[in-house]
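Engineer: Got a structure for you, written out below as structure tokens; questions coming shortly.
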Amino acid sequence: MATKERMGAMPSTNKTPHFGLNNWSGTDKPKRTDFTEDNLRLDSLLQTHFTDTDLHFTPEDRERFAQAYVSGFYNGTGAASKSFSLSFSPSGFFVFQVGAPLSGYDRELGAVQVNSGFVSSHGGSAGIALTGQEVTLKQSQGTSEADGVFLNLNQAGKMYGYLAIR
């Protein structure tokens with residue numbers, strides 16, 4: 001009789017299929033150690049899950065997604081170049097002259113006038129450069145560049161819009 005009582009006090013050997021937790025039957029009499037083992041197993045599994053950055057976003061990722069881009073405007077000064085810094089290093093930057101075509105052939109200039117540009121960390125279009133947080137825009141001075149392109153990203157009195165992508 002002592003053997004049956006002792007056997008009844010042990011948990012069944014049934015385990016849950018995915019995490020191996022105790023799956024007691026109605027006649028089992030679980031012990032504290034059974035719960036402790038299950039809690040340690042759950043703690044380890046949850047820790048592994050929540051720290052898996054392939055599954056979960058870091059706080060920096062969440063901030064980047066919440067504010068995926070910054071947009072703004074600036075007035076052209078006519079200087080050969082204009083630089084300004086952003087509060088972050090963008091992965092891409094697009095600029096355009098408000099109310100003008102992105103580019104087009106200008107007969108008076110005898111050149112393609114470029115009123116827009118895009119740049120990323122891998123390179124970009126003519127007249128725009130990105131170094132860390134700093135964007136530099138070019139403005140041709142009087143005549144077109146050697147390649148027959150007239151860079152028009154800082155024309156005096158003109159408004160430009162931009163989109164900086166995080």
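The values are calculated or read from the model by the stated rules, or taken from the named source; none is laboratory data. None of these values were measured; they are calculated from a predicted model. Glycine gets a Cβ as well: all are built from the backbone with ideal geometry, and neighbour counts include every protein chain shown. What goes into the accessible areas is simple: the full protein's heavy atoms, side chains included, and nothing from ligands, DNA or RNA. Shrake-Rupley method; radii C 1.70, N 1.55, O 1.52, S 1.80 Å.
Engineer: Considering all projection directions equally, how large on average is the shadow of the alpha-carbon convex hull of region 21-92, in square nanometres?
Structural biologist: On the way: hull surface 33.8 nm².
Projected over every direction and averaged, the Cα hull of region 21-92 covers 8.5 nm².
Engineer: Please identify the helices of the chain, taking whole runs of DSSP H, that span at least 24 Å along their own axis as judged from the Cα atoms and have a mean Kyte-Doolittle score of -1.0 or higher.
Structural biologist: Within the chain the helices that satisfy the rule are 32-50.
Engineer: For region 22-143, give the percent of accessible area contributed by carbon and sulfur heavy atoms, probe 1.4 Å, rounded to a whole number.
Structural biologist: 53 percent
Engineer: Take the eigenvalues of the Cα gyration tensor for the chain, scale each by 5, and report the square roots as semi-axes in whole Å, largest first.
Structural biologist: 70, 13, 11
Engineer: Of 74, 36, 139, which is farthest along the charge dipole of the chain in the positive direction, counting Lys and Arg as +1 and Asp and Glu as -1 at C-beta?
Structural biologist: Farthest towards the positive end: 36.
Engineer: So for the chain, if I pair up every lysine 8 or more residues apart or on another chain, how many of those pairs have alpha-carbons under 21 Å apart?
Structural biologist: Close lysine pairs under the 21 Å cut-off: 7.
Engineer: Keeping every protein chain present and rolling a 1.4 Å probe, give me the accessible area per residue for region 1-151 in Å².
Structural biologist: That works out to 70 Å² for each residue.
Engineer: Can you tell me the dipole magnitude for region 15-166 around its Cα centre, using point charges on the Cβ only (Lys, Arg +1; Asp, Glu -1), in Debye to the nearest 20?
Structural biologist: 220 debye
Engineer: Quick one: work out the % antiparallel among DSSP beta bridges in region 1-155, nearest 5. Intermediate values should be presented prior to the final figure.
Structural biologist: On the way: 22 of 25 bridges.
Here the antiparallel bridges make up roughly 90 percent for region 1-155.
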